[in-house]
Each structure stands twice: as structure tokens, then as C-alpha cells.
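The values are calculated or read from the model by the stated rules, or taken from the named source; none is laboratory data. Note that this is a predicted model, so its numbers are computed, not measured. No Cβ is skipped: glycine too gets one built from the backbone with ideal geometry, and neighbour counts run over all protein chains shown.
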Amino acid sequence: MHTTRNLLLTAGVLLALTGCKSAPAPETSAAPAGPTMETATGPRIYATNEVSGELTVIDATTMKQLEQLKIGTRPRGIHASPDGRTLYIALSGTPIGGPGVDESTLPPSDHSKDGIGVFDVAQNKLVRILPGGSDPENFDLSKDGKKIYISNEDESAVSILDIDTGKIDVTLKMGAQPEGVKTSPDGTFVYVTSEETGTISVLDPVAKKITSTFKVGHRPRNVAFMPDGKTAYINAENDGAVVVVDVTKHKMVKTIALGTPGEVKPMFVLLSPDAKTLYVSTGRGGKVVAIDTTTDKVSGEVAVGKRPWGIALSPDAKTLYTANGPSNDVSAVDLATLTVKAKAPAGGSPWGLAVLP
């Protein structure tokens with residue numbers, strides 16, 4: 001009896017102390033949901049990832065990753081259609097080689113995987129693959145958006161693709177290891193770089209022939225034309241420099257040194273919309289260099305990450321984005337201060353960038 005009475009008394013005391021209801025759980029504030037493809041309203045960055053075969057979509061406002069999409073084998077060059085509704089992406093079935101790789105150990109190329117992927121921006125998916133010739137690496141579009149001029153790296157050639165028919169009009173032989181392709185401002189000719197021979201091939205897209213070839217330095221990869229079409233800037237990777245070309249004569253007239261060759265390896269060149277500044281990614285140098293085009297002198301630089309390759313500008317031209325291959329990320333550079341303000345994760349070895357509003 002005493003035991004039972006004592007237990008009841010103890011229980012009553014506990015109830016009096018704690019109350020009849022359980023104590024409420026402490027309030028927690030839910031973490032705000034990140035942006036999604038449906039909720040993100042700002043510009044979007046699209047990065048091709050050469051090793052993982054993916055397309056990364058990044059919200060440029062928050063620098064948060066929105067999507068990681070399997071897109072095909074070895075995606076590299078990426079460019080938007082004139083209306084911004086379509087992204088074209090170079091896909092290649094040729095295995096990745098490069099410095100330090102014994103290419104005799106690589107598997108054979110699978111050319112069934114070569115092509116130009118057509119990505120519908122509204123649907124957020126790849127809708128078809130157009131022929132791109134052998135091992136397409138990079139390309140540019142005609143001014144009306146109806147033709148694509150494609151560098152075929154392993155075939156030392158450039159191809160002209162008709163988008164409407166989905167057929168290659170012609171493939172023309174040129175210097176070895178072509179990469180960069182740039183249509184002139186008036187659309188009457190196209191410059192195509194040859195890494196191995198250090199030359200530019202001048203393509204006449206109407207006559208469908210190479211009309212001229214000229215030297216520009218060691219391992220040119222990309223081209224930027226001034227708006228008047230009279231001057232071009234072309235990187236010379238192994239010279240650690242950018243060369244200036246007189247376009248009317250198709251002749252190199254000046255070299256702009258960026259640093260010690262081998263330590264600084266210019267990869268991509270891009271003009272600001274007002275054409276007053278040329279931005280250059282420096283690969284192994286880990287920086288983006290700004291060049292004043294009125295003086296052709298370096299005006300600033302910023303460290304952005306490991307081996308920056310492709311670069312692109314925000315729609316308002318206030319931010320520059322860099323694809324940093326070995327660190328698998330994309331940096332956002334505030335151009336007013338030349339400082340990195342944010343980074344976003346990408347896929348395996350980002351290569352090319354496109355930015356859409």
C-alpha cells in the first residue's frame with residue numbers, strides 16, 4: 001500500500017511540475033528555398049563540361065546551380081542563335097588527349113557521337129543533333145543564323161552546315177588542329193584558327209572556299225573582331241601574347257605581351273560591347289587580363305581560378321564569367337573593381353560559356 005501511495009504521489013508531483021501537455025518543440029526557421037529553373041528570374045549561364053559530358057545551368061543573380069544535364073560526349077563550343085531561343089553545342093566522339101597524355105593508349109574515335117547539339121532553351125533539353133563533320137570543336141554562326149561554320153579538329157578542316165536542311169554544304173581542308181571560328185562583323189568572311197600551324201584561314205562562305213592563309217603566332221585559338229571589321233585580336237597561346245591583325249590586309253601588325261610564355265597561356269579573347277576593352281583568359285596563368293584597345297596595353301588583371309578557358313559577359317556587361325576547368329567551377333568577376341565576387345560549381349572540366357537573359 002505504501003509503495004502504491006508513494007508512486008501515485010510522485011506521479012502527481014511530476015504532473016504538477018511539467019503540466020499535463022508536452023512542452024512545445026523549439027521553433028526553427030526553415031532555410032529559404034534556392035532558385036530553380038522555374039523560379040530563377042535573372043540571366044542564366046550555360047557551361048559545357050568537356051570531361052563529364054554535361055551542360056551546367058547557373059542562375060547568374062545568385063550564382064547557384066540550377067541544373068546539371070547530360071548533353072553528349074565531350075561538349076566544347078557553345079553559341080546561341082540570334083533570337084536566343086536555341087543553344088548550339090559542339091559534341092565530339094574523339095577521346096581527350098593533350099599534354100602529358102600518351103595518345104597511342106587512347107581508344108579509337110567514335111564519330112557516331114560527333115555533331116552539333118540543338119538545345120531548346122524553353123524546353124530545357126537537347127532536341128536533336130545536326131551533323132558537324134569530324135570531331136567538331138568550336139564554331140560560329142552566320143549573321144542570319146542559318147549557317148554554322150565548324151572547326152573539325154582531327155580532320156584539319158572547316159565545314160559549313162545548313163541548319164534548315166540539316167546537311168553539311170562543304171568541308172574544306174585547312175591548317176592542322178583548327179579551333180577558333182569567328183564570323184566577320186559584316187558576315188562576308190570567317191576567320192578560322194589553326195593551332196598547329198599558327199595560321200588563320202580566311203573562309204569565303206558564299207564561294208565556299210579558303211581565300212587566304214596567314215601567320216599569327218604560336219597556337220592561336222580564338223578571334224575577336226573590332227566592330228568596324230578593320231582590326232582583329234587573336235590569342236597566341238604559346239607566345240604568352242595577343243596579336244593584333246590588320247583585317248583589310250589579313251596581316252599581323254603588332255604583338256601584346258601578357259607575361260612569360262608557358263606561365264601565361266592566353267586561351268580566349270572577348271571584346272566589351274563598346275569595344276574599349278579586350279578580355280583574355282590565360283589558362284595556366286589563372287587570370288583574366290584586360291587590355292585597353294585604344295592603347296593596346298594591359299590595363300588590369302584578376303586571378304579567377306584554375307586554368308580559366310571560356311569567358312562570357314553578362315547582358316549588362318558589368319560581370320565577366322570564366323570557366324575554370326581543373327576546379328570544376330565558374331567565377332563571376334565584377335568588372336568595375338576587377339574582383340571575383342562569387343563562384344558556382346559546374347560539372348567535370350567546364351570549357352565553354354554562354355549567357356542568356
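Identify the residue in segment 62-71 that is surrounded by fewer than 21 Cβ atoms within 10 Å (Cβ to Cβ) and assigned to a loop (DSSP other than H, G, I, E, B) and, among all such residues, is farthest from the chain's Cα centre (by Cα).
Thr62
Could you pull out the residue among Gly283, Gly305, Gly300, Gly348 that is surrounded by fewer than 23 Cβ atoms within 10 Å (Cβ to Cβ), closer than 16 Å to Asn222 by Cβ and modelled with pLDDT of 95 or more?
The conditions single out Gly283.
Out of all the residues in segment 250-263, which are part of a loop (DSSP other than H, G, I, E, B) and within 22 Å of Asp140 (Cβ to Cβ)?
His250
Got a sec? Which of Leu91, Leu130, Leu141, Leu106 is crowded, with 18+ Cβ neighbours inside 10 Å and over 18 Å from the mean Cα position of the chain (by Cα)?
The conditions single out Leu130.
Inspect segment 286-295 for any residue being crowded, with 16+ Cβ neighbours inside 10 Å and out of contact with any strand residue (DSSP E or B) (no Cβ under 6 Å at 6 or more places or on another chain) and give the result as yes or no.
No, the conditions are met nowhere in segment 286-295.
Hey, can you tell me all the residues within segment 232-263 that are among the β-branched types (Val, Ile, Thr) and under 23 Å from Trp309 (Cα atoms)?
Scanning segment 232-263 gives Ile234, Val242, Val243, Val244, Val245, Thr255, Ile256, Thr260.
Quick one: count up the residues across segment 239-262 that are surrounded by fewer than 16 Cβ atoms within 10 Å (Cβ to Cβ) and small (Gly, Ala, Ser).
Of the residues in segment 239-262, 2 are surrounded by fewer than 16 Cβ atoms within 10 Å (Cβ to Cβ) and small (Gly, Ala, Ser).
Anything in segment 51-61 that is outside any strand (DSSP E or B) and surrounded by 22 or more Cβ atoms within 10 Å (Cβ to Cβ)? List them, or say none.
Ala60
Suppose we filter Ser134, Ser109 for residues that are among the hydroxyl-bearing types (Ser, Thr, Tyr), in contact with a helix residue (DSSP H, G or I) (Cβ under 6 Å, 6 or more places away or on another chain), within 21 Å of Gly352 (Cβ to Cβ) and part of a loop (DSSP other than H, G, I, E, B); which single one remains?
Criteria check complete, one pass: Ser134.
Please verify whether Ala176 is in contact (Cβ under 8 Å) with a residue 12 or more places away in the chain, part of a strand (DSSP E or B) and within 24 Å of the chain's Cα centre (by Cα), treating the condition exactly as stated.
no
Filter segment 72-88 down to the residues that are surrounded by fewer than 20 Cβ atoms within 10 Å (Cβ to Cβ) and part of a loop (DSSP other than H, G, I, E, B) and list them by number.
Listed by number, the residues that qualify are Thr73, Ser81, Pro82, Asp83, Gly84, Arg85.
Which pairs turn up if I take residues in segment 146-159 that are of a type in the set (Lys, Arg) and look for partners that are at pLDDT 95 or above and assigned to a loop (DSSP other than H, G, I, E, B) with beta carbon separation below 9 Å, at least 6 apart in sequence or on another chain?
Taking only residues 6 or more apart or on different chains, the pairs are Lys146/Ile163; Lys146/Asp164; Lys147/Ile163; Lys147/Pro205.
Can you run down the residue pairs with Cβ atoms below 7 Å, 6 or more apart or on separate chains, where the first is in segment 104-128 and without any contact (Cβ under 8 Å) to a residue 24 or more places away in the chain and the partner is among the charged types (D, E, K, R)?
Asp114/Asp135; Val127/Asp120
Among the residues that make up segment 194-211, is at least one of them surrounded by fewer than 23 Cβ atoms within 10 Å (Cβ to Cβ), more than 26 Å from Lys146 (Cβ to Cβ), over 24 Å from the mean Cα position of the chain (by Cα) and not acidic (Asp, Glu)?
Checked segment 194-211: at least one residue is surrounded by fewer than 23 Cβ atoms within 10 Å (Cβ to Cβ), more than 26 Å from Lys146 (Cβ to Cβ), over 24 Å from the mean Cα position of the chain (by Cα) and not acidic (Asp, Glu).
Any chance you could count how many residues in segment 146-173 are farther than 29 Å from Asp228 by Cβ and in a loop (DSSP other than H, G, I, E, B)?
Counting residues in segment 146-173 that are farther than 29 Å from Asp228 by Cβ and in a loop (DSSP other than H, G, I, E, B) gives 4.
Considering (1) closer than 16 Å to Ala290 by Cβ; (2) assigned to a strand (DSSP E or B); (3) not acidic (Asp, Glu), say which one Pro266 fails and leave the rest.
The failed condition is (2).
What residue, among those in segment 38-50 that are surrounded by fewer than 22 Cβ atoms within 10 Å (Cβ to Cβ) and β-branched (Val, Ile, Thr), is nearest to Ala332 (Cα to Cα)?
That would be Thr41.
Regarding segment 186-203, can at least one residue be identified that is modelled with pLDDT of 95 or more, touching an Asp or Glu at 6+ places or on another chain (Cβ under 6 Å), of a type outside the set (A, V, I, L, M, F, W, C) and more than 21 Å from Asp296 (Cα to Cα)?
yes
Under the condition of being in a loop (DSSP other than H, G, I, E, B) and touching a residue at least 12 places away in the same chain (Cβ under 8 Å), which residue from segment 275-301 is farthest from the chain's Cα centre (by Cα)?
Across segment 275-301, the extreme among qualifying residues is Thr294.
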